[in-house]
1. In this structure, is residue 58 part of a helix (DSSP H, G or I), within 21 Å of residue 203 (Cα to Cα), under 23 Å from the mean Cα position of the chain (by Cα) and not assigned by TED's automatic domain parsing to the domain that holds residue 358?
2. All but one of (1) closer than 21 Å to residue 16 by Cβ; (2) in the same structural domain as residue 79 (by TED's automatic domain parsing); (3) under 19 Å from the mean Cα position of the chain (by Cα) hold for residue 193; state the number of the condition that does not hold.
3. Taking the condition of being out of contact with any strand residue (DSSP E or B) (no Cβ under 7 Å at 6 or more places or on another chain) and more than 26 Å from residue 202 (Cα to Cα), how many residues in region 125-158 meet it?
4. How many residues, within region 125-147, are touching a residue at least 40 places away in the same chain (Cβ under 8 Å) and either touching a helix residue (DSSP H, G or I) at 6+ places or on another chain (Cβ under 9 Å) or part of a helix (DSSP H, G or I) (or both)?
5. I'm checking my understanding of the structure. Among residues of region 273-304 that are touching a residue at least 12 places away in the same chain (Cβ under 8 Å) and assigned to a helix (DSSP H, G or I), which one is surrounded by the fewest Cβ atoms within 10 Å (Cβ to Cβ)?
6. Residue by residue through region 340-384, note down the ones that are part of a helix (DSSP H, G or I), over 13 Å from residue 281 (Cβ atoms) and out of contact with any strand residue (DSSP E or B) (no Cβ under 9 Å at 6 or more places or on another chain).
7. Filter region 12-55 down to residues that are surrounded by fewer than 17 Cβ atoms within 10 Å (Cβ to Cβ), at pLDDT below 90 and under 12 Å from residue 243 (Cα atoms), then give me how many there are.
8. Could you pull out the residue among 142, 184, 162 that is closer than 16 Å to residue 98 by Cα and crowded, with 16+ Cβ neighbours inside 10 Å?
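The values are calculated or read from the model by the stated rules, or taken from the named source; none is laboratory data. Because the structure is a prediction, the values reported are computed rather than measured. With ideal geometry, Cβ positions are generated from the backbone for all residues, glycine too; neighbour counts draw on all protein chains shown.
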């Protein structure tokens, strides 16, 4: 049975070229903080990766990049570090209503400790409500977090417009670009982004590495003190293998992104066109302004978990919302935020394409989806 992997938003396989490039560092004994040759070799490899990441997002210099263990850690450092360092200037935090839980939960934790935390609503496509953002932001708003594009519904946000509003009325803009980096171009200088999160795993790099861009002049402090690595903002011995791999993955993505995104968009559009023909099938997210590899739907009267398990029997791996929140049976907060009812939000299916996917796979995916929906609706107690 041919296996078709359609869950690249939760985990992308490491690119064979990246693995080959970074493999020597799996057995490397050098600690980057050590002064002897082995240590300095590891340090130089990290600095090379740092430069590649900076070039990938058009940062001012490699000094603006710190490496972390994941996108979740990058989000936490950005949110907690900025909030605690700038507490004298205000204690208000904002985020869009559809942020990843690794953004929302740190803000909720700060809220329990005296900060004010509010969310900005989105429209039915998941686009941030600019008018309400304008009303909610104020001089004491230290940090506003809006993701570049949503991992569950694929909608791309108007980051440049949001940035202009925030810098006119508030202080800093943090952008979680985990879902979008490597899929669409990101320019932190042109879009006036203050802090930006990216993940190695989502770039076809090794798991266990993330990066945080910090614009020069942004006031931030460590939330995990220790040995002082990564400008003192992320202490702990660096994961040299994963960091080196992340840098190489970013270099490859920068070179190949344009052509690969066009290829994936053709597959995406074909999937959307065919699956949309299923009775009571609805596209979630923006119909056109969405990530090129992202197709997401909801189906009436059936459960997303059942869709996932049935599709797996066809050898097709899909998702039903964010992988990081899949341990709960609660409906996705993203789908609720775009106005869906609880019972509607439960019938979600997310397909995210990658390097191994081909246009020739579309008929099999569509056939499996149609048969899955038909079977589950026949069993559903929600249908008379």
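1. No.
2. Condition not satisfied by residue 193: (1).
3. 5
4. The total comes to 13.
5. In this case the residue turns out to be 274.
6. 342, 343, 359, 360, 362, 363, 367, 371, 375, 378, 379
7. Total meeting the criteria: 1.
8. So the residue among 142, 184, 162 that is closer than 16 Å to residue 98 by Cα and crowded, with 16+ Cβ neighbours inside 10 Å is 162.
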